[in-house]
Amino acid sequence: MNYDVFVSYAHGDGFQYAQAVEEHLNGLCVRVFRDKSLPNDAATIDSRIRKALHGSERVLVIITPDSLKSRWVMGELDFATKAKKRLVVCVHDSVPQHRWPIIVRPVQCIRFSRANELIEGINKEAFWKLPVIVPAAGLSFGLYPLNMGMPKIAVPIGDKPILHHIVERLDPSFFSRVIV
């Protein structure tokens, strides 16, 4: 499965922030991957995490004191950087800038001290794509007799139904996916 956002965080002091981010983004219909299992002692990122990272458009990294010590968070950050994923870096106010990972220092960050501040910072970002919903159910007699027995949106114009013309004209830079 592909995701819009992969959330990387330390389970110790980042769990509540990651949970708040996931709930908020899910409310915006953004597909979020957040690993809820406790990290194991394996030395490398497991295949499930690697697959989720690879299939995510963006990686949101929550930098907290515990995440600086987490080889998982640092590994996910390294993987995301090498894969040229778009990073959304969120840094807790308790982490001084000189302790930030070198990879994220030149990146614009969302600073926060509480979960609601993190959500406010995320809301200010303009890149959260929403799905577009195209209503296509039900029968109507507004185009009778052209649409006898089918929804208006299925009536062909040229060689394609109206629905295809609508979807083709949508700008994919604004929408994460089309739901019919």
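State yes or no: is Asp4 open to solvent by less than 20 Å² (accessible area, probe 1.4 Å) and at pLDDT below 90? When the stated conditions are applied, Asp4 passes them. Screening the stretch 55-73 for residues that are touching a strand residue (DSSP E or B) at 6+ places or on another chain (Cβ under 9 Å) and part of a helix (DSSP H, G or I) and picking the one that is surrounded by the most Cβ atoms within 10 Å (Cβ to Cβ) gives Ser67. Kindly check whether there is at least one residue in the stretch 113-133 that is closer than 29 Å to Ile162 by Cβ, β-branched (Val, Ile, Thr), at pLDDT 70 or above and not in a helix (DSSP H, G or I). Looking for residues that are closer than 29 Å to Ile162 by Cβ, β-branched (Val, Ile, Thr), at pLDDT 70 or above and not in a helix (DSSP H, G or I), one finds at least one in the stretch 113-133, hence yes.
Would you mind stating whether Gln108 is at pLDDT below 85, among the polar types (S, T, N, Q), open to solvent by 70 Å² or more (accessible area, probe 1.4 Å) and over 19 Å from Val7 (Cα atoms)? Spelling it out, it is not the case that Gln108 is at pLDDT below 85, among the polar types (S, T, N, Q), open to solvent by 70 Å² or more (accessible area, probe 1.4 Å) and over 19 Å from Val7 (Cα atoms). Looking at this structure, is Lys84 part of a loop (DSSP other than H, G, I, E, B), on the phi > 0 side of the Ramachandran plot and open to solvent by 60 Å² or more (accessible area, probe 1.4 Å)? So Lys84 fits the description; yes.
Selection of the stretch 141-180 for residues being modelled with pLDDT of 80 or more, within 30 Å of Val5 (Cα to Cα) and exposed (fewer than 12 other Cβ atoms within 10 Å of the Cβ) yields Glu168, Arg169. Among the residues examined, Val21 qualifies as surrounded by 18 or more Cβ atoms within 10 Å (Cβ to Cβ), touching a residue at least 60 places away in the same chain (Cβ under 8 Å), part of a helix (DSSP H, G or I) and of a type in the set (Val, Ile, Thr). Just checking, does the stretch 41-52 include any residue being modelled with pLDDT of 90 or more, touching a helix residue (DSSP H, G or I) at 6+ places or on another chain (Cβ under 9 Å) and either farther than 22 Å from Leu25 by Cβ or of a type outside the set (D, E, K, R) (or both)? No, the stretch 41-52 contains no residue that is modelled with pLDDT of 90 or more, touching a helix residue (DSSP H, G or I) at 6+ places or on another chain (Cβ under 9 Å) and either farther than 22 Å from Leu25 by Cβ or of a type outside the set (D, E, K, R) (or both).
The values are calculated or read from the model by the stated rules, or taken from the named source; none is laboratory data. On a predicted model such as this, the values are computed, not experimentally measured, just so you know. A quick note on method: Cβ atoms are made from the backbone with ideal geometry, for glycine too, and the neighbour counts reach across all protein chains shown. Note: accessible area is taken over every heavy atom of the protein model, side chains too, but ligands, DNA and RNA are not part of it. Shrake-Rupley method; radii C 1.70, N 1.55, O 1.52, S 1.80 Å.
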